[in-house]
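The values are calculated or read from the model by the stated rules, or taken from the named source; none is laboratory data. Here the structure is a predicted model, which means the values were calculated and not measured. Cβ coordinates were reconstructed from backbone atoms using ideal geometry, including for glycine residues, and neighbour counts include every protein chain displayed.
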Amino acid sequence: MNLKKFVSCTPGFGIREMFCAACPPHHYSTDKSITCLKCVKGFHQPVAGSEKCIKCHNIFSSGCFMEGVSLKVVCCVIGLGCLLAFSIFAISCAFCCHEENEKSMFV
């Protein structure tokens, strides 16, 4: 006998094993639902036991950041940042060494 055919949970809850339990963060359930659904892209819900998701207004909100960004993009951004930092370091070292060489030539 399938228990799920006879049971519904209050909004924000879904069947977990044999009992209604709060939907986890970034999930929701509507009225008389038995399953918790994951918030769709561009929406989030940081609170457990919710009946709807809210629109992401800030990419740094819980569950919103990095939405849809691939690992390749993240790696490229980190790599470019490291390359830029190394370039700045190398250029500043070159100028320091150049100034030291000029001072030693005139002594």
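Structure data summary
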{"read-out": "Of all residues making up segment 12-29, the number that are of a type outside the set (A, V, I, L, M), at pLDDT below 90 and either closer than 20 Å to Cys64 by Cβ or part of a loop (DSSP other than H, G, I, E, B) (or both)", "value": "1"}
{"read-out": "Residues (of a type in the set (Gly, Ala, Ser) and either part of a strand (DSSP E or B) or within 21 Å of Cys64 (Cα to Cα) (or both)) located in segment 30-53", "value": "Gly42, Ala48, Gly49, Ser50"}
{"read-out": "Hits in segment 62-101 (condition: surrounded by 10 or more Cβ atoms within 10 Å (Cβ to Cβ), at pLDDT below 65 and among the aliphatic types (A, V, I, L, M))", "value": "Met66, Val69"}
{"read-out": "Where Asn58 falls short, out of the listed (1) over 25 Å from the mean Cα position of the chain (by Cα); (2) at pLDDT below 85; (3) not aromatic (Phe, Trp, Tyr)", "value": "(1)"}
